[in-house]
Amino acid sequence: MASRGLAGKSALVTGGSRGIGRAIAERLAEDGAVVALTYAREEAAASEVVEGIRKRGGSAFAFAAPLGDRGDAGRLWAAFDEAARAHAREYPEHTADPAVDIIVNNAGIGRSAALPDLTEEGFDEVFAVNVRAPFFIVQHALDRLRDGGRIINVSSGVTRVALPEIIAYGATKGALDTFTHTLAKDLGSRGITVNAVAPGIIDTDVNADWLRGDAERAEWAASISALGRVGQPEDVAAIVAFLASDDARWVTGRVLDATGGSGL
C-alpha cells in the first residue's frame, strides 16, 4: 500500500466495519492516512478491516462507539483517545496524538417506516444516530480538529428522490445536508472544508437480501442509474477520498451526488 496525498494525516470514520464505511476506511488508509474506525457491535468485522489495512502496509485501529444515546459523542472521543494510545504502544512510530485531520460521519440507520406506521421511538432513534450523533461528534472535536481539516458527512440520494416508505430516514439526511452547508460557513475561517456525499443504491450487505437475491430487483436497481449499474462501496469511497484530499481544498458546503445519475 503506497502512501499518497494523505500521508501524515489522521482520520476518523464512524461505522467503518462494513459496507460504505469499510470502503472509506480502506481507501483513506491506502492514501496514507492513519485511520481510526468505529463500530457498534461488529468487533470481528472491524478487526478484519484493520488487519487487512495493516497487511497492505497501511495504519488503522478500531474501537467500539455505539451511537444513539445521549453522551455518545463524548464517549466516542474518550474511546478514540484510549485506542490511539494503545495503537501508539503497538506502533511507536505513530504518536497518540489526540488531534485529527479528517472526520467522516458515516454511521447511520438506513431504515424507517412509512408515515402511518412510524412510531415516536423509531423517529427518535433514526434522528439520534443520523443527525444528533454527527452534530455532537463535530462539536466535541472542535478543539482537536486541525485547521485545514476535512469533515465529510454521508448523506443519501433520498434527499432529492421522494421515498415515502422511509420518510423519517429521508428527513434525517435532509437535516444532515443543512448541517453540512451551515457548518462549512462556520468553520471556513479555519480553512476547514465541510461537504457531504449522497449515495444511491449501493451493493452492500445491508441491501444483499433484495439486491443479490432477486434478479428482477437487481435489474431495476441498475436501470435507474444513468450509468446502468448498481453502485459499489468503492465508488463512494473514491469521492470521499477526493474530498479529503488537497485537490478538494476549494470545495466546501456542497453535497456531491454519488448515485451514478439515478433518476435523471
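The values are calculated or read from the model by the stated rules, or taken from the named source; none is laboratory data. Because the structure is predicted, anything quoted here is derived from the model rather than measured. Positions of Cβ are backbone-derived with ideal geometry, glycine not excepted, and every protein chain shown enters the neighbour counts.
Taking the stretch 242-264 as the range and being in contact (Cβ under 8 Å) with a residue 60 or more places away in the chain, under 17 Å from L6 (Cα atoms) and out of contact with any strand residue (DSSP E or B) (no Cβ under 8 Å at 6 or more places or on another chain) as the test, the residues that pass are S245, D246, D247. Within the stretch 180-214, the set of residues being free of Cβ contacts under 8 Å to residues at least 40 places away in the same chain and small (G, A, S) comprises S189, A208, G213.
Determine whether the stretch 40-53 contains at least one residue that is hydroxyl-bearing (S, T, Y) and within 15 Å of the chain's Cα centre (by Cα). No, the conditions are met nowhere in the stretch 40-53.
So is I152 in a strand (DSSP E or B), surrounded by 15 or more Cβ atoms within 10 Å (Cβ to Cβ) and modelled with pLDDT of 95 or more or not? When the stated conditions are applied, I152 passes them. From the residues in the stretch 77-102 that are surrounded by 15 or more Cβ atoms within 10 Å (Cβ to Cβ) and touching a helix residue (DSSP H, G or I) at 6+ places or on another chain (Cβ under 6 Å), which one is farthest from G16 (Cα to Cα)? Only one residue fits best here, namely H94. Among the residues here, S189 qualifies as surrounded by fewer than 19 Cβ atoms within 10 Å (Cβ to Cβ), more than 20 Å from T159 (Cα to Cα) and of a type in the set (S, T, N, Q). Just so you know, in the stretch 204-252 the residues that are closer than 26 Å to V34 by Cα and of a type in the set (D, E) include one that is modelled with the lowest pLDDT, and it is D205. For G58, state whether it is free of Cβ contacts under 8 Å to residues at least 12 places away in the same chain and either under 20 Å from the mean Cα position of the chain (by Cα) or surrounded by 13 or more Cβ atoms within 10 Å (Cβ to Cβ) (or both). Against the criterion (free of Cβ contacts under 8 Å to residues at least 12 places away in the same chain and either under 20 Å from the mean Cα position of the chain (by Cα) or surrounded by 13 or more Cβ atoms within 10 Å (Cβ to Cβ) (or both)), G58 does not qualify.
Scanning the stretch 214-241 for residues that are under 25 Å from L6 (Cα atoms) and surrounded by fewer than 18 Cβ atoms within 10 Å (Cβ to Cβ) yields a total of 3. Out of everything in the stretch 1-42 that is over 25 Å from P92 (Cβ atoms) and free of Cβ contacts under 8 Å to residues at least 40 places away in the same chain, what residue ends up being surrounded by the most Cβ atoms within 10 Å (Cβ to Cβ)? Checked the stretch 1-42; the qualifying residue surrounded by the most Cβ atoms within 10 Å (Cβ to Cβ) is Y39. When D177, D147 are checked against the criterion of being surrounded by 17 or more Cβ atoms within 10 Å (Cβ to Cβ), of a type in the set (D, E, K, R) and either in contact (Cβ under 8 Å) with a residue 60 or more places away in the chain or not in a helix (DSSP H, G or I) (or both), D177 stands alone in meeting it. Applying a threshold of 6 Å to beta carbon distances and a minimum spacing of six or more residues, or different chains, the list of pairs starting in the stretch 86-113 at a residue that is free of Cβ contacts under 8 Å to residues at least 12 places away in the same chain and ending at one that is in a loop (DSSP other than H, G, I, E, B) reads A88/H94; A88/T95; A88/A96. Confirm whether V194 is more than 26 Å from L6 (Cβ to Cβ), among the hydrophobic types (A, V, I, L, M, F, W, C), within 18 Å of the chain's Cα centre (by Cα) and surrounded by 17 or more Cβ atoms within 10 Å (Cβ to Cβ). No. Scanning the stretch 114-131 for residues that are free of Cβ contacts under 8 Å to residues at least 24 places away in the same chain and of a type outside the set (S, T, Y) yields P116, D117, E120, E121, D124.
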